[in-house]
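Remarks on the structure that follows.
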Amino acid sequence: MSLRTDAETIMQTAIRASLPDAAVAKALEHKGFGKGKIILVAIGKAAWQMAKTAVGILDGRISAGIVITKYGHSKGALPPLEIWEAGHPVPDENSLKATQRAIELVQGLQEEDTVLFLISGGGSALFEKPLISLQELQSITSDLLASGADIVSMNTIRKRLSSVKGGKFAHLCAPAKVYAIVLSDIIGDPLDMIASGPAYPDSSTCEEALAAIRKFKIQLPADAEQALREETPKALDNVETVITGSVTELAAAGRQAAEKLGYETCLLTTSLNCQAKEAGSFLAAIGRQYASSGKKLAVLAGGETVVHLHGHGKGGRNQEMALAAAEGIAGLDNVAVFSFGSDGTDGPTDAAGGFADGYTKQQLAEQGIAISDVLDQNDAYHALAKTGGLLITGATGTNVNDLSVLLIG
């Protein structure tokens, strides 16, 4: 159980270090807002946490505002802000209603006013006023999620189906200024892709969006295809943007925590971007190589893998990665692999991720379960639940990608 205990310690330490409180405070520390109104709009999985810090710092200066976050991610009232919870990863009616309310709050502002826009991952689903029907958008989003499309490809498409993404929300705020504070959940911190860039000029093109549709074999209704051919804003003159956090900090904090536990560490990358099963197999191969080295090692990789859904099970990319690794480390009594999402939710589950060690395969086999069958059905959640391998944190208040760790005891 020591490897599992170490995994929990590393995970919790990394998440705490990635909370946006200090980053938001730093971004507001020397910011002058003049005498105009301040309207706060916070979107994403970390919206409540970011808004809480801003309200505390700007004590009494915020005229009105709204927090739009995922179901279960609000932690209570934040006067004078309205709190809305909505659908993620697929937008729902509350996404549309909350976004319409945000648009109403920024209407009629003057040049001396400011929209304080707090952006975190998850905003693409939560902040939405579609140019097509909600049902069409939900279908396209679900198809993209199942296709194995990476987040940049998804957002290149989604921003063209929306009247608030791809810089369009900043236009709606004009002539007021927009001060955007962004918590990054995308590798490389592309500001026009995080939450689909509602307040940042779009660097992608219609041709790229159409190419992504072809690549991932997404079927579009005629009105959606027409929307993809409409170009997005390439310049905005009323926006100032500050980026506050990323997977680099999550990985660094995880590495520090492992070192305090006595591990020699190696950070492979903060740009992991491949199929979850492949990443799990790769970490397992490293585990087999060094299991008998006599060293206490922790190998870390930050980023965001993808899952190509072809089964009808329940799970997420981090759970699938851990379970795929279990096949490769089977029988090794000093090796474990765990992976988690910093927001505390992995796919459509209540788990942050998964943990597997050298006994996981045997535990499942004794229950008549083959890992290969589970992976074929994308059902890692139920398999890991049977081995005690689910990592549960609840909503964390941050969202800066995933961290995957190989431990050799």
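Per the Debye formula with a single identical scatterer at each Cα and no solvent contribution, what log10 I(q)/I(0) holds for segment 279-361 at q = 0.20 Å⁻¹?
-0.87
Need one number: % antiparallel among DSSP beta bridges in segment 39-95, to the nearest 5.
That works out to approximately 10 percent antiparallel.
Can you tell me what share of the DSSP beta bridges in segment 31-245 is antiparallel? A percent to the nearest 5 is fine. The partial results should precede the final answer.
Details: 2 of 32 bridges.
Expressed as a percentage, antiparallel bridges in segment 31-245 total about 5.
So what is Rg over Rh here for segment 31-245, counting just Cα atoms and using Kirkwood for Rh? Let's see the in-between values first.
Values: Rg = 16.3 Å, Rh = 17.0 Å.
Expressed as Rg/Rh, it is 0.96.
To test your reading of the geometry: what angle, between 0 and 90 degrees and rounded to tens, separates the Cα axis of helix 134-147 from the longest principal axis of the chain?
30 degrees
Does a label point 7 Å from the Cα of Tyr359, set along Cα-to-beta-carbon, have any residues of segment 372-400 with amide nitrogen under 17 Å, and which are they?
It comes to 384-391, nothing else.
For segment 296-377, with only Lys/Arg (+1) and Asp/Glu (-1) charged at the beta-carbon, what is the dipole magnitude about the Cα centre, in debye rounded to 20?
The dipole magnitude comes to about 120 debye.
Can you compute the charge dipole magnitude of the chain about its Cα centre, using +1 on each Lys and Arg Cβ and -1 on each Asp and Glu Cβ, nothing else charged? Give it in debye, rounded to the nearest 20.
Here the chain has a charge dipole of around 460 debye.
Between Ala64 and Asn273, what length comes free when the chain is fully extended (0.36 nm per residue of separation minus the Cα-Cα distance, one decimal in nm)?
Going from the current span to full extension adds 71.3 nm.
May I ask you to compute the full-extension gain from Gln135 to Arg229, defined as 0.36 nm times their residue separation minus their alpha-carbon distance, rounded to one decimal in nm?
31.8 nm
Farthest toward the dipole's positive end in segment 288-333, which of Leu300, His310, Ala324, given Cβ charges of +1 (Lys, Arg) and -1 (Asp, Glu) about the Cα centre?
Leu300
When DSSP beta bridges are limited to those with both residues in the chain, what percentage is antiparallel, rounded to the nearest 5?
Here the share of antiparallel DSSP bridges comes out near 40 percent.
Short version: ³J(HN,Hα) in whole Hz for each residue of segment 184-193, in order, from phi by Karplus 6.51 cos²θ - 1.76 cosθ + 1.60 (θ = phi - 60°), x for Gly and Pro, what are they?
7, 10, 10, 4, x, 6, x, 5, 7, 10
Toward the positive end of the charge dipole of the chain, about the Cα centre and with charges on Cβ (Lys, Arg +1; Asp, Glu -1), which of Ala42, Thr345, Cys274 goes farthest?
Farthest along the dipole direction, towards plus: Ala42.
What's the local net charge at Glu264, with K and R +1, D and E -1, over the other residues with C-beta under 11 Å away? Kindly include the intermediate steps, with their values, before the conclusion.
Numbers: positive: Arg255, Lys295, Lys296; negative: Glu259.
Taking every Cβ under 11 Å from that of Glu264, the sum is +2.
Restricting to DSSP H runs of at least four residues, report the calculated mean residue ellipticity at 222 nm for the chain, -39500 (n - 2.57) per run over all residues, nearest 500 deg cm²/dmol.
Roughly -11500 deg cm²/dmol at 222 nm, from the helical runs in the chain.
Dipole of segment 31-245, Cα-centred, from +1 at each Lys and Arg C-beta and -1 at each Asp and Glu C-beta, to the nearest 20 debye?
Working: 22 positive and 25 negative charges, 76 e Å.
Once rounded to the nearest 20, the dipole reads 360 debye.
Coordinate-derived values only; no laboratory data. Computed from a predicted structure; not experimentally measured. Cβ coordinates were reconstructed from backbone atoms using ideal geometry, including for glycine residues, and neighbour counts include every protein chain displayed.
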